[in-house]
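These notes are about the structure you will find just below.
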Amino acid sequence: MNAYESACHYFANAASVMDLSPNMKKLLLTPEREVKVQVAMKMDNGEIATFVGYRIQHNSARGPMKGGLRFHHDVDADEVLALASLMTWKTAVVDIPYGGAKGGISVSPKSLSDAELELMTRKFVDELQDVIGPDKDIPAPDMGTNAQVMAWIVNQYEKYHGFNPACVTGKPLELHGADGREEATGRGVGLLTEAMLQKFDRPLTDTTIAIQGFGNVGSFAAAYLHDHGARVVAISDISGARFDSAGINIPAALQHVSRNGSLDGFDAEQQISNEELLTLDVDVLIPAALGGVLTKENAADVRARYVVEAANGPVLPDADTILHQRDIVVLPDILANAGGVTVSYFEWVQNQQYFRWDLERTRAELAKTLIVSFEKMWAIATEKHIPLRSAGYLMGIGRVGRATVLAGI
Ligand code: NAD
């Protein structure tokens, strides 16, 4: 099952509980616009290189479309469409006034020099500048892109449209970015893990956690959970996984990564493989790296009682069914990692108002937005005896569907 088939599977599961008409299902699944462009440029050595870029605008029923830009060699139309539709439901679940979109270029950014990366980004904006913008579609960082790439995007977009900081979020603080955006996704994962455990009368101080991925999302989630008393016993990145039964020294790990760029060389009680981390005997497993890491092959071996989807799509549908049958609670990506888009929304609001919030306000508004959404999702799941994922899709699809009907076709 590819990424788009997985997204359709989860949509269909929820739609079957909702009694949606086939015509409404088709409307909600069909993207509004799919853009595929050629990004041709001269490399540093004078050779011509041609890349393929995508922007898929899935749905704008609730507002301008919002979604990240991914620079990664695996980017293709199916993956971009799956992630664009996920953004539609995610923005609706946290009830921010956006639709969903996603984009990317099929490229390994590490193979480019800084100058080539900048030129490629600007050429991509040249192709997209007509269809994106603060009231149309607002990109943000995702895998392989960062605040610097967003800075190049604003600068190139403004050459066509004048001063327009709200055309993209995740910008550097010096260029109208928002304090608290960088930590937002991981912090949200921490806040929501805590809220979910409270429903089972389990305090964080009595909880062991394993986290796969120690990039933006995984590292800030680890920091929040460690600071609030949880015992993070395993962490990992592309260089492998580390385990310590007494708890990993998270501040030391963060410092190691900020000095060395990865966990490579970081000492812990035991080195284990990335696969072993997924099946550790812990209370909570947090996949925060890649999609599709829990599959029908390894789901039966998961020993955690709770799985928090910090990455997009880490649990494949077959694995989701197995986890559900084993009474393992899955907090779905559709809410678990929505902290990032929520604070992106706050950044866009500040840009539109030419006004700046402090970190305290951003954190308070983030917590309020996520906890209200979580409580609603929990109430639907409890009332209808369905998994949290289905409850989330019900919320998202319901809100988008009602907006579509009210506006009229
Ligand atoms: P990132 O590039 O900052 O970090 C990814 C981390 O995963 C790195 O530590 C990398 O070494 C590690 N990794 C890669 N392959 C691995 C493997 N095989 N095993 C273990 N670790 C591996 O990316 P990120 O921004 O933290 O995003 C992670 C996930 O969260 C992605 O699925 C992304 O779509 C999702 N997400 C991110 C945000 C955000 O605001 N950054 C928001 C929502 C969802």
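The values are calculated or read from the model by the stated rules, or taken from the named source; none is laboratory data. This one's a predicted model, so the numbers in the text were calculated from it and none came from an experiment. Quick reminder, even Gly has a Cβ in these numbers, built from the backbone with ideal geometry, and neighbours come from all protein chains shown.
Go through V307, V282 for me and flag whichever is buried (at least 22 other Cβ atoms within 10 Å of the Cβ) and part of a loop (DSSP other than H, G, I, E, B). Full working, then the answer.
Numbers: V307 fails: part of a loop (DSSP other than H, G, I, E, B).
The conditions single out V282.
With respect to T91, determine if the residue is within 24 Å of E32 (Cβ to Cβ), among the β-branched types (V, I, T), in a loop (DSSP other than H, G, I, E, B) and in contact (Cβ under 8 Å) with a residue 60 or more places away in the chain. Even if it seems obvious, please write down each step before you answer.
Values: within 24 Å of E32 (Cβ to Cβ): yes; among the β-branched types (V, I, T): yes; in a loop (DSSP other than H, G, I, E, B): no; in contact (Cβ under 8 Å) with a residue 60 or more places away in the chain: yes.
No, not satisfied.
Across the stretch 360-382, the number of residues qualifying as out of contact with any helix residue (DSSP H, G or I) (no Cβ under 9 Å at 6 or more places or on another chain) and over 12 Å from V94 (Cα atoms) comes to 2. Of all residues in the stretch 113-142, exactly one satisfies the criterion of being part of a loop (DSSP other than H, G, I, E, B) and touching a Leu at 6+ places or on another chain (Cβ under 9 Å), namely D142. The residues of the stretch 192-208 that are away from the ligand (no atom under 15 Å from the Cβ), under 16 Å from L285 (Cβ atoms) and of a type outside the set (S, T, Y), listed by number, are E194, M196, L197, F200, R202, L204. Taken across the stretch 65-85, residues that are at positive phi and surrounded by fewer than 24 Cβ atoms within 10 Å (Cβ to Cβ) do not occur at all. Kindly check whether there is at least one residue in the stretch 48-58 that is over 27 Å from S344 (Cα atoms), surrounded by 14 or more Cβ atoms within 10 Å (Cβ to Cβ) and touching a strand residue (DSSP E or B) at 6+ places or on another chain (Cβ under 9 Å). Checked the stretch 48-58: at least one residue is over 27 Å from S344 (Cα atoms), surrounded by 14 or more Cβ atoms within 10 Å (Cβ to Cβ) and touching a strand residue (DSSP E or B) at 6+ places or on another chain (Cβ under 9 Å).
Under the condition of being within 11 Å of the ligand (Cβ to nearest atom) and either touching a Ser or Thr at 6+ places or on another chain (Cβ under 9 Å) or charged (D, E, K, R) (or both), the residues counted in the stretch 279-296 number 5.
Report yes if some residue within the stretch 211-219 is under 26 Å from L83 (Cα atoms), under 16 Å from the mean Cα position of the chain (by Cα), at pLDDT below 95 and assigned to a loop (DSSP other than H, G, I, E, B); otherwise report no. There is at least one residue in the stretch 211-219 that is under 26 Å from L83 (Cα atoms), under 16 Å from the mean Cα position of the chain (by Cα), at pLDDT below 95 and assigned to a loop (DSSP other than H, G, I, E, B).
Scoring D358 on the criteria (1) more than 30 Å from P64 (Cβ to Cβ); (2) in contact (Cβ under 8 Å) with a residue 12 or more places away in the chain leaves a single failure, condition (1).
Is there a residue being more than 28 Å from D137 (Cβ to Cβ) and crowded, with 20+ Cβ neighbours inside 10 Å anywhere in the stretch 333-341? Even if it seems obvious, please write down each step before you answer.
First pass over the stretch 333-341, keeping only residues more than 28 Å from D137 (Cβ to Cβ): none.
Among the residues of the stretch 333-341, not one is more than 28 Å from D137 (Cβ to Cβ) and crowded, with 20+ Cβ neighbours inside 10 Å, which makes the answer no.
Can you tell me which residues in the stretch 247-275 are part of a helix (DSSP H, G or I), surrounded by fewer than 16 Cβ atoms within 10 Å (Cβ to Cβ) and not aliphatic (A, V, I, L, M)? Within the stretch 247-275, P251, Q255, S258, R259, N260, E275 meet the criteria. Look at the stretch 235-251: where a residue is over 24 Å from M143 (Cβ atoms) and away from the ligand (no atom under 16 Å from the Cβ) and a partner is of a type outside the set (D, E) and part of a loop (DSSP other than H, G, I, E, B), sitting 6+ places away or on another chain with Cβ atoms under 6 Å, you get D244/A268.
Restricting V349, V343 to residues that are within 17 Å of G99 (Cα to Cα) and free of Cβ contacts under 8 Å to residues at least 24 places away in the same chain narrows the list to V349.
Residues are listed down the side, and each one gets a yes or a no for (1) among the hydroxyl-bearing types (S, T, Y); (2) within 12 Å of the ligand (Cβ to nearest atom); (3) farther than 30 Å from A178 by Cα:
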{"residue": "L263", "(1), (2), (3)": "no, yes, no"}
{"residue": "N298", "(1), (2), (3)": "no, no, yes"}
{"residue": "V307", "(1), (2), (3)": "no, no, no"}
{"residue": "A338", "(1), (2), (3)": "no, yes, no"}
{"residue": "R356", "(1), (2), (3)": "no, no, no"}
{"residue": "A364", "(1), (2), (3)": "no, no, no"}
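Among the residues of the stretch 208-240, which ones are among the hydroxyl-bearing types (S, T, Y) and within 20 Å of I371 (Cα to Cα)?
Step one: list which residues in the stretch 208-240 are among the hydroxyl-bearing types (S, T, Y), which gives 208, 219, 224, 236, 239.
Within the stretch 208-240, just Y224 meets the criteria.
Of all residues in the stretch 191-210, count the ones that are within 20 Å of R389 (Cβ to Cβ) and of a type outside the set (S, T, Y).
First, pick out the residues of the stretch 191-210 that are within 20 Å of R389 (Cβ to Cβ): 191-200.
Okay, now just the ones that are also of a type outside the set (S, T, Y), so 191-192, 194-200.
Qualifying residue count for the region: 9.
The set of residues from the stretch 265-277 being touching an Asp or Glu at 6+ places or on another chain (Cβ under 8 Å) and at pLDDT 95 or above is empty.
One line per residue, one yes/no per condition, for (1) within 16 Å of the ligand (Cβ to nearest atom); (2) charged (D, E, K, R):
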| position | (1), (2) |
| --- | --- |
| K66 | yes, yes |
| A82 | yes, no |
| I96 | yes, no |
| E116 | no, yes |
| D126 | no, yes |
| A140 | yes, no |
| Q148 | yes, no |
| F163 | no, no |
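The sole residue among I105, I153 that is outside any helix (DSSP H, G or I), farther than 24 Å from R399 by Cβ and assigned by TED's automatic domain parsing to the domain that holds P31 is I105.
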